[in-house]
1. Can you find even one residue in the stretch 250-258 that is at pLDDT below 95, assigned to a loop (DSSP other than H, G, I, E, B) and more than 19 Å from T320 (Cα to Cα)?
2. For the stretch 315-367, please list each of the helices (runs of 4 or more DSSP H) lying entirely inside it that holds at least 2 residues being of a type outside the set (D, E, K, R) and free of Cβ contacts under 8 Å to residues at least 40 places away in the same chain.
3. Out of all the residues in the stretch 485-502, which are free of Cβ contacts under 8 Å to residues at least 40 places away in the same chain and either under 17 Å from the mean Cα position of the chain (by Cα) or under 20 Å from M372 (Cβ atoms) (or both)?
4. Hey, A409 hits all of (1) part of a helix (DSSP H, G or I); (2) at pLDDT below 95; (3) not β-branched (V, I, T) but one; which does it fall short on?
5. Consider S79 carefully, then state whether it is among the hydroxyl-bearing types (S, T, Y), touching a strand residue (DSSP E or B) at 6+ places or on another chain (Cβ under 9 Å) and at pLDDT 50 or above.
6. Go through the residues of the stretch 400-419 one by one and say whether even a single one is within 25 Å of M468 (Cα to Cα), touching a Lys or Arg at 6+ places or on another chain (Cβ under 6 Å) and not polar (S, T, N, Q).
7. With the requirement that a residue be in contact with a helix residue (DSSP H, G or I) (Cβ under 7 Å, 6 or more places away or on another chain) and either of a type in the set (D, E, K, R) or crowded, with 21+ Cβ neighbours inside 10 Å (or both), what does the stretch 250-263 give you?
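The values are calculated or read from the model by the stated rules, or taken from the named source; none is laboratory data. Since the structure is predicted, the reported quantities are computational estimates derived from the model, not experimental observations. Cβ atoms come from the backbone with ideal geometry, glycine included; neighbour counts cover every protein chain shown.
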Amino acid sequence: MIENPLSLELIAPVFLFLSLILPLIFFFFYSSLFNKKEAAPTKQTVTIPKSYPLIGSYLALKRIGNRRIQWLSDVVQISPANTFTFRRPLGRLQVFTGNPATVEHILKTRFSNYQKGYSFISTLSDFLGTGIFNADGNTWKFQRQVASHEFNTKSLRKFVEHVVDAELSDRLIPIMASAAQQDQTLDFQDILQRFAFDNICKIAFGFDAEYLTSSAERSKFAVAYEEAVEISSKRFRELSPLVWKVKRALNIGSEKRLRMAVREVHEFAKNIVREKKRELKEKESLESVDMLSRFLSSGHSDEDFVTDIVISFILAGKDTTSAALTWFFWLLSKYPRVEQEIVKEIMEKSEAPVYDEVKHMVYTHAALCESMRLYPPVPMDTKEAVEDDVLPDGTVVKKGTLVTYHVYAMGRLESIWGEDWEEFKPERWLQKIESGKWKFVPKDSFTYPVFQAGPRMCLGKDMAFMQMQSVVAGILRRFAVVPTVAEGVEPNFISFLSSQMEGGFPVKIIERETYN
């Protein structure tokens, strides 16, 4: 995909970039005058960012650093109708919104007018190619149609009883038991990422990566994958796409590292595809049909195309559920009352809860929803307007404008969640029924677009919840997860293509006295 760095395609952008050098020198000189370290702005001091000639509001983002998610969230919250227009460098506009009516408009009502778009797709194409999360139109429709077969009730039951349960009992629980016995500190974020990676490889590709073992060090693939995610994501933050395109053309700096990382990731994914092709060729019929087998049997067996699909589903399966669980366990450490309620619900189930029991863990399900309200795995998502439009709040959108719905901000809007929005409160998702038991009360997907909404609603939503509820039940029945950071220290929420806890999540594992 990026084997010819000095292709003719990039000659024009190079010359255009060179023509901008003098203005950019002015920008960096101008920026340096104001680049003194300042305290992070509070919500009381946040204002809608000023725009300057050529550079737009880029200076405001540059000064915020790695707290841009939080800063943009604060701006959304103080803006009329929770929507504001941000001027990017060289005059391009980007609308940020936390308005549910606007979210419904772009994700459903006028779905065809708000696509991934060239800007998004080209930025991630070296890494994700034409995979489902980097595609529009018929390419996206085909992948979604084939993948949808893996998310029926039968597949969900199989996923929980044959994949997640085995990974829990054979790998994750022994690792945690060993850490408890040896008083060892674990990076629980890393552990959960490994666990989720093994799970998605098994269910989607019929391949056991065996990444979650007590002795496994970070594989070449894992290091390359995380570097590819981070650098690809940071392309969006450049002053102009011309910056990363020129660096890619010259094969220097971060783009040189990305080239090497992508090569490693693609080789890993291609080996999975080749092994599956060999397996399909040797057997007339397989005992079980995974998603990769379906794609290869659908007549679309082009290796590069299927490799892109594999990488996209690794991204979906590895990073999102592990991010959600990382923040979930951190919140439990802050709210012991909630943890006690969850443990009580778990103890009412059998020691190794089966699919039907996990499915009906209502309080746990509500707690996971509440955790993702505050710390969504994908905190923002951006679409590009195909033609001129007007949003429900009156914002004028011109063709080519980027429109971003800010999921992180929406989870913090007092107008939606009330004055106590800062509190981790699973009960806001629950209702007591006559029997005295809890009933789950969902929010509409445009108020709570954690799993997207409309035609692009996440296919794996139910699978994600089943995996997370199984993990929570398996862990909390036996262990308490205790962060090692000093009391009162808040970890930083950062995001690349999905959210992370900056610096990892160091914890001690404590075995419960009540465990037999």
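1. no
2. 336-347
3. Across the stretch 485-502, the qualifying residue is only E490.
4. (2)
5. For S79, the condition - among the hydroxyl-bearing types (S, T, Y), touching a strand residue (DSSP E or B) at 6+ places or on another chain (Cβ under 9 Å) and at pLDDT 50 or above - is met.
6. Within the stretch 400-419, one or more residues are within 25 Å of M468 (Cα to Cα), touching a Lys or Arg at 6+ places or on another chain (Cβ under 6 Å) and not polar (S, T, N, Q).
7. Answer for the stretch 250-263, where residues must be in contact with a helix residue (DSSP H, G or I) (Cβ under 7 Å, 6 or more places away or on another chain) and either of a type in the set (D, E, K, R) or crowded, with 21+ Cβ neighbours inside 10 Å (or both): E255, R257, L258, A261, V262.
A quick yes/no check of all residues on (1) surrounded by 17 or more Cβ atoms within 10 Å (Cβ to Cβ); (2) assigned to a loop (DSSP other than H, G, I, E, B); (3) β-branched (V, I, T):
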position: E423; (1), (2), (3): no, yes, no
position: G436; (1), (2), (3): no, yes, no
position: K443; (1), (2), (3): no, yes, no
position: Y448; (1), (2), (3): yes, yes, no
position: Q467; (1), (2), (3): yes, no, no
position: V471; (1), (2), (3): yes, no, yes
